[in-house]
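> One structure, as structure tokens, below. Some questions next.
What follows draws every value from the coordinates through simple rules; no lab data is involved. Keep in mind the model is a prediction, meaning the values are calculated, not measured. Here the Cβ is made from the backbone with ideal geometry for all residues, glycine too, and neighbour counts use every protein chain on show.
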């Protein structure tokens with residue numbers, strides 16, 4: 001995720017885990033969280049902003 005938070009990365013993670021649905025959770029205190037959140041918003045099936053932006057939850061479904 002630090003290199004790029006995109007669909008390809010999540011598809012690889014889902015394949016490794018043997019699942020068809022995955023969640024990416026980004027906390028505001030993460031290094032480069034703004035960049036990661038912006039990238040993930042472009043590729044996630046859905047996302048939610050929680051606790052006034054302190055946490056973002058992204059859902060990826062195949």
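> Helix-derived [θ] at 222 nm for the chain: sum -39500 (n - 2.57) over DSSP H runs of at least 4, divide by residue count, nearest 500?
Helices in the chain give a 222 nm mean residue ellipticity of -10500 deg cm²/dmol.
> Then there is this: Of the residues 40, 32, 22, which exhibits the maximal mean-square fluctuation in a Gaussian network model of the chain defined by a 10 Å Cα contact cut-off?
32
> If you don't mind, there's one more thing I want to ask. Give the order of 24, 42 when sorted by the count of other beta carbons within 10 angstrom, beginning with the fewest.
With the fewest neighbours first, 24, 42 line up as 42, 24.
> Grab the alpha carbons of the stretch 1-58, take their convex hull, and tell me the volume per residue in Å³.
76
> Helix 33-43 versus the longest principal axis of the chain: what is the Cα-based angle in degrees, 0 to 90, to the nearest 10?
40
> Next up: With axes computed from alpha carbons, what is the tilt in degrees of helix 7-17 against the longest principal axis of the chain, rounded to the nearest 10 within 0 to 90?
Relative to the chain, helix 7-17 is tipped by roughly 60 degrees.
> Would you mind ranking 39, 12 so that the residue whose beta carbon has the fewest other beta carbons within 10 Å leads the list?
Ascending Cβ contact count within 10 Å gives the list 12, 39.
> How do 25, 36 rank when sorted from fewest to most other Cβ atoms within 10 Å of their own Cβ?
25, 36
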